[in-house]
Amino acid sequence: MKTSSLFKMAGAARAVAGALVLFLCVGAVSAQGYKEAKVDEALAGQKSAVIGGGDAAAVKNFLTKYYLARWTVQANGASLHTYREELIADGASLNGAAQETFLKEAVDALTKYAASKDCYPACRYNAVLAIGTLDVKPAPERNALGTPYSGAIKPLANFCTSDKEFPDYVRLGALVGLTRHAALGIEDETLRNGVRKVFSTILDPKYATEKKLRPEIGEWFQLKALEGLTSFKTPEGPDGPTGTLDLFKKMVDDDKLDFELRALAARGIGAMDLTKVQNWDFVALATSLTTLARDFCVSESAHIDSELLREQVKSAAATTGATGGMGGAMGGPGGGMSGGAMGGGMGGQQSQKSLEAMVARVQYGFDSVQAAIKGVDGGSGLIVALGGTVEKKSGGKKANAEEAKVDPEDKAAVARVMLNDVLTEIQNTNKFIAEGPQNQAGMMGMGAGGMMNAAMQGGRGGMGGPMVDSASMKDHLLQQKLRFNALLGVDSF
């Protein structure tokens, strides 16, 4: 997932983006306490000859006195993205010893800039970001990806885990680079294991405190580290053959963790080939995933409550403002009536967006649980790991037959039945979203807010947005919570 997140993490991501923009803008113009390298413009015309020659001393001189020295000049702050693109293209255009020399010297110089308190923030962030985007082969076509330079991995890892006092935006830039390397593949096993260790370290709750990360950025670090660790699609981890699987299960079980992180951990499990894992408690994982589905019902119901309150306040404000404006314009009670109607219409339009977001969140949350159960991105899925098969439609004849004859002492079989029931409940929720709540007469049972939405936006009857209103969705989730609790053998109300 690349981070147009539907959950609270989106707010953290926007905070990070805002912080980085602040560094890029403020750092580019502030002159307090920063030093600039002297740029020798006479070297500008020597680029082709120097970087293609492969002489380390000449390349270092060119980089530190002109090519990269420009990055330290605050007046050039607006050009940093152009400098980065030029560096990436130049590095990927070389071959053999000339390329290795150029990239090594570039990483050395950029590492010093990123680590230096004398460089202004935009320079430091762009320097570490550039290290993670250096390629040995360019992208074969537009919108494709290049082959990353493996020599960048160690300095990036060091920025992430070093005990030195680096700003969190420098560590974040390094983490972004490591995540890119993980996603595109790391051939060297030693480097691959080292990167896994970095991601696991960042996911440890102690990391944010030890590295003095700002609260609004701490969750973003966890998201990127989880994204990187998931890209390996393996149960292995730095702590053994099931290290990553163990960590992901721990995250799924942590009810104090942001739900999106728990959901992403579940999806990460779904991408693994669990059939190769021996002597591991898959039955416990089945319980964990069912509990995750239950916890999501609870957390999303609370979120809907907060959204309903927010929408009521917005609607009241819009209605009051429109009523006063129209009443004044019309000069009488009729204006007030028109204003009220217009205010309601404005509120309806805003509510439609809220409904669409609510539906997307619910579908994403349950889809993450389903991904772990059935498998995703080539993963085997938990049902297969438990010795079963994934039905095209859960709750079919085969699943029902297994439930009818299951031996209570066969824990794997019991777990498979429970997981098939979870899949059935997820299908029921998707059906509920698609068809909308039905009353006893089979008619659509929408609340006043939903009816207003349908009237203003076309609803499902007008082939518009979601048919489900917030109140009915909340009721459905609370019913689902009771069903998941029943599967877990938990008494609840």
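For the condition modelled with pLDDT of 95 or more, touching a Cys at 6+ places or on another chain (Cβ under 9 Å) and assigned to a helix (DSSP H, G or I), what is the one hit in Leu80, Leu63, Leu87? Before you say what the answer is, go through the steps one by one.
Numbers: Leu63 fails: touching a Cys at 6+ places or on another chain (Cβ under 9 Å); Leu87 fails: touching a Cys at 6+ places or on another chain (Cβ under 9 Å).
Testing whether each residue is modelled with pLDDT of 95 or more, touching a Cys at 6+ places or on another chain (Cβ under 9 Å) and assigned to a helix (DSSP H, G or I) leaves just Leu80.
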For Ala98, are the conditions met, namely being buried (at least 18 other Cβ atoms within 10 Å of the Cβ) and within 19 Å of Lys60 (Cβ to Cβ)?
no
Any chance you could count how many residues in the range 169-198 are touching a Cys at 6+ places or on another chain (Cβ under 9 Å) and free of Cβ contacts under 8 Å to residues at least 40 places away in the same chain?
0
Kindly establish whether Ser5 is among the polar types (S, T, N, Q), modelled with pLDDT of 95 or more and either assigned to a helix (DSSP H, G or I) or open to solvent by less than 50 Å² (accessible area, probe 1.4 Å) (or both).
no
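Being at pLDDT below 95 and assigned to a helix (DSSP H, G or I) narrows it down to one residue among Ile153, Ile217, Ile202; which is it? Steps first, answer last, please.
Details: Ile153 fails: at pLDDT below 95; Ile202 fails: at pLDDT below 95.
Of Ile153, Ile217, Ile202, the one residue that is at pLDDT below 95 and assigned to a helix (DSSP H, G or I) is Ile217.
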So which residues in the range 128-145 are touching a residue at least 12 places away in the same chain (Cβ under 8 Å), assigned to a loop (DSSP other than H, G, I, E, B) and surrounded by fewer than 18 Cβ atoms within 10 Å (Cβ to Cβ)?
Pro138, Leu145
Would a scan of the range 347-363 turn up a residue that is open to solvent by 50 Å² or more (accessible area, probe 1.4 Å), modelled with pLDDT under 85, out of contact with any strand residue (DSSP E or B) (no Cβ under 7 Å at 6 or more places or on another chain) and charged (D, E, K, R)?
yes
Counting only residues that are open to solvent by less than 60 Å² (accessible area, probe 1.4 Å) and either among the aliphatic types (A, V, I, L, M) or closer than 30 Å to Pro121 by Cβ (or both), the range 45-78 contains a total of 21
Subset of the range 79-95 that is under 19 Å from Tyr66 (Cβ atoms) and free of Cβ contacts under 8 Å to residues at least 12 places away in the same chain - its residue that is surrounded by the fewest Cβ atoms within 10 Å (Cβ to Cβ)
Thr82
Checked the range 199-211 for anything open to solvent by 20 Å² or more (accessible area, probe 1.4 Å), among the β-branched types (Val, Ile, Thr) and touching a residue at least 24 places away in the same chain (Cβ under 8 Å); matches are Thr201
Of all residues in the range 270-298, which are crowded, with 16+ Cβ neighbours inside 10 Å and of a type in the set (Gly, Ala, Ser)?
Gly270, Ala271, Ala286, Ser288, Ala293
Residues in the range 221-258 that are touching a Ser or Thr at 6+ places or on another chain (Cβ under 9 Å), part of a helix (DSSP H, G or I) and open to solvent by 20 Å² or more (accessible area, probe 1.4 Å) total 6
Condition first: in contact with a helix residue (DSSP H, G or I) (Cβ under 9 Å, 6 or more places away or on another chain), at pLDDT below 95 and crowded, with 19+ Cβ neighbours inside 10 Å. Can you find one or more residues in the range 478-490 that meet it?
no
Within the range 153-166, work out how many residues are buried (at least 19 other Cβ atoms within 10 Å of the Cβ) and over 16 Å from Lys197 (Cα atoms).
1
Of (1) within 21 Å of Leu103 (Cα to Cα); (2) out of contact with any helix residue (DSSP H, G or I) (no Cβ under 6 Å at 6 or more places or on another chain), Cys160 fails just (2)
Is the range 218-240 home to any residue that is hydrophobic (A, V, I, L, M, F, W, C), farther than 28 Å from Gly378 by Cα and without any contact (Cβ under 8 Å) to a residue 60 or more places away in the chain?
no
Could you please let me know if Gln278 is at pLDDT 80 or above, over 28 Å from the mean Cα position of the chain (by Cα) and on the phi < 0 side of the Ramachandran plot?
yes
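The values are calculated or read from the model by the stated rules, or taken from the named source; none is laboratory data. Bear in mind that the values here come from a model prediction, so they are computed numbers and not experimental data. Cβ atoms come from the backbone with ideal geometry, glycine included; neighbour counts cover every protein chain shown. Side chains are part of the model used for accessible areas, which takes the heavy atoms of the whole protein and leaves out ligands, DNA and RNA. Shrake-Rupley method; radii C 1.70, N 1.55, O 1.52, S 1.80 Å.
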